[in-house]
Amino acid sequence: MLNPVDQTSGHISTSIFYINDYHGKSINMERTITASNAFDAKYKYRPDVDTLKLSSGDIMIGEDFKTNQLAVLFQKMIGIRASAVGNHEFDLQDKAGTILPLISYNLVAANIKINPRNPWHGKVKSSIIEEKNGHKYGIIGTTPIDLFKRSKEGVIQRDIQVSKVKETIDDVQKETEKLQKQGINKIILVSHLGYTMDKIIAKQTQGIDVILGGHSHDLIFDVKEGKNLFYSKTGEPVVITQAGRDGKNFGVLNVEFNKDGLIRKVQNNVGYTRAFRRSSPAKYIFDKIFGARETYGYIKSAPPPLTSDLTEPNPHAYFITDCIRKDLDCDIAILPSPNIRGNFESGKVDSRTLADILPFKNKLYKMSYSEKDLVDAFKMASKSFTNVANKPGIFYASGIKYQVTTSGKLLTMHYIDKNGIETKIDINNPKTDKYYTTVLNDYCALGNDGFKNLNQPERTLEKYPFDATKCVISVMSKLKDPVELYDDGRIQIIPD
């Protein structure tokens, strides 16, 4: 940690508690509240250190009001002062007006324009000024440039404009200069642009000291030149941070500024939320908001959480797809990897558990896809291994077994019927007249995340008024024995 600094010397010590991409993970929020309380206790009697608490967005997720209500309450409870507007903050679409009145912290995004008819209008600022112990900090925000690719088509596309790359850089620079004209020389960007774009902004702007990142889910440790320590176009140091995804981590960035607002010393500490107990008061409040917790079944054993959430075999997701396939009686069930945001643990499975694992509440569609449709979609998903931030993520499935290389090439693919009989699919010449009843979420069925070939309204067999949670509940409630989750080899990753 930084040593105490005599503020009369002109040097300023600042400690920033930062979060990003919690994606509605309320159990990790409870743990983070405990960590935040420890942070507060440490600096309670330290007037020589300015403390800030900031968010880089995507703390909310999906269409469920209660999940988002908890996300808003969480940020209020830990004292977040400003948050970038991530793509998942927009998941509520035209229902945003139900959650926005609950937000007491500042929403910031300098690269966005919102139609006055939209409930988001007037709710988002380009920047704010925070004053601590007589020292002023400018805090600018950004929303993702690829917002529309990460959101369902609808009211967002009609009512919101997001600047492109060059324009976003200009937006951030103009906002920085506006703050500088007010005498502010310590400027922080809470960014939901992703690590690659953050590096570009660091090097192509002037006046920004710290970029607290999000969106690409990078977990950035320490401070290393060329990795997350860069220099602005006028030569000043710029530090970039990011704390992964799903609330598995949070960060504390300690910075020492000189009297001109330039960074003299910096230390980046990453904390693990699982190292902290769930806050009992928060758990009580969250449970009360969420309502009665009904137990649906039990897990006997389960693998640990993934390291790479978008490109690893996932027994937790396999179980969910198996439940979908069984409950809705289809040939194939698909769960895109971004749709699962947690993992099962040994013990009971209740409503809070499932809300944590499946927070999106995306409705399910039953489609009739040709063999070629499926092969093309799996090939595209497989490219996630080499895409920026591994997006859109690989497909988990029940009824499909496949091999893929670490360079993102689909090698083999088999259909597995309900009796366990495997049939090889010719991925180089897939059949256009062979069809499979396939269940997947509406997000992909409507062609989002680049899966345009799956958007075939004429092939829709049924639209269900529920998400995968209902299928898990239906299947688990009928099981007599606890479930054992393990990797059955349905996805094999072959090193190049």
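In terms of other Cβ atoms within 10 Å, ILE334, ILE240 run from fewest to most in the order ILE240, ILE334. Shape class for the stretch 51-193: oblate, because the ratio a/c of the largest to smallest gyration tensor axis (alpha-carbon atoms, square roots of eigenvalues) is 1.5 or more and b/c is at least a/b.
Under 16 Å Cα to Cα from LYS265, which aspartates and glutamates show up? Leave out anything in the same chain fewer than 8 places away. Of all the aspartates and glutamates, those that pass the test against LYS265 - Cα under 16 Å, at least 8 places apart if same chain - are ASP6, ASP48, ASP50, ASP209, ASP222, GLU225, GLU236, GLU256.
With the charge dipole of the stretch 1-135 set up from +1 on Lys and Arg Cβ and -1 on Asp and Glu Cβ about the Cα centre, the Cα lying farthest toward the positive end among the listed residues MET60, ILE33, TYR105 is that of TYR105. Residues SER368, SER127 in ascending order of nearby Cβ atoms (within 10 Å, fewest first): SER368, SER127.
Cβ crowding within 10 Å, taken as a proxy for footprinting-reagent exposure, orders VAL238, VAL172 from fewest neighbours to most as VAL238, VAL172.
Please state, as a whole number in µm²/s, the translational diffusion coefficient that the Stokes-Einstein equation yields for the stretch 7-275 at 10 °C and 1.306 mPa s, with Rh defined as the Kirkwood radius across alpha carbon pairs. Answer from the Stokes-Einstein relation: 87 µm²/s. Cross-link pairs exceeding 23 Å in C-alpha to C-alpha distance, out of LYS363/LYS383; LYS123/LYS203; LYS181/LYS203, comprise LYS363/LYS383; LYS123/LYS203.
Report the trypsin sites (Lys or Arg not before Pro) located in the stretch 233-266 that are in a DSSP loop and have at most 16 other Cβ atoms inside 10 Å of their Cβ, or state none.
LYS233, LYS259
Counted as membrane-span-like here are DSSP H helices of the chain whose alpha-carbon atoms extend 18 Å or more along the helix's own axis and whose Kyte-Doolittle mean is -1.0 or above; these are 26-43, 65-78, 315-328.
Rule-based calculations on the coordinates, nothing more; no lab input. Only a predicted model underlies this, so the values are computations on that prediction, with no experimental measurement involved. Ideal geometry is used to build each Cβ from the backbone, glycine not excepted, and the neighbour counts take in all protein chains shown.
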